[in-house]
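Read through the structure below, which is laid out as structure tokens, and then see the notes.
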Amino acid sequence: MKKFVSGLCALGFVVASLGVVSAEFTDDSGQFYAPFVDYLSENKVVEGYDDGSFGYELTVNRAEMLKILIVGRFNPDQTEELAPWSEYAGESCFDDVPANKWYTEYICYAKAQEWIEGYDDNTYKPGQEVNFVEGMKILLKVFD
């Protein structure tokens, strides 16, 4: 699955009326959804990579998807200090989700909200590519 573009576009179309920003990523020229990704980047929903690219052609993993959906669900003006997921950063809610990784707070918050369950062996597999069914299930749960 591509960079979960359909989910980003859905979220982007909701916020499109707020205005379009200029291209921010080195690899977004000509992409019809670039203005939406730029808006999400400006509001710290997505970040891109150290080389300045967004990675439109890359797949999204389970940890990345949760961050995008959770941060995207809240008001863009909300600061990280007030974010309800911040208190979960020091937890280890699955055997393969250690405390204090960049994704820990999102995964453990989603588990506490009962948006995700993980696997029978108490793992979440944060680096595993998201398939369409998983992505839609979590998207619907996060956004009620």
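The values are calculated or read from the model by the stated rules, or taken from the named source; none is laboratory data. A quick note: this is a predicted structure, and the numbers were derived from the prediction, not measured. Cβ placement follows ideal geometry from the backbone for every residue including glycine, while neighbour counts extend to all protein chains displayed. Protein only, heavy atoms only, side chains kept; ligands, DNA and RNA dropped before computing areas. Shrake-Rupley method; radii C 1.70, N 1.55, O 1.52, S 1.80 Å.
Summary of computed values
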quantity	calculated
All helices (runs of 4 or more DSSP H) inside region 45-144 with 3 or more residues being open to solvent by 20 Å² or more (accessible area, probe 1.4 Å) and aliphatic (A, V, I, L, M)	132-142
Residue among Tyr124, Tyr56 that is of a type in the set (Ser, Thr, Tyr) and in contact with a helix residue (DSSP H, G or I) (Cβ under 6 Å, 6 or more places away or on another chain)	Tyr124
Given (1) of a type in the set (D, E, K, R); (2) more than 14 Å from the chain's Cα centre (by Cα); (3) modelled with pLDDT under 95, number of the condition Glu134 does not satisfy	(2)
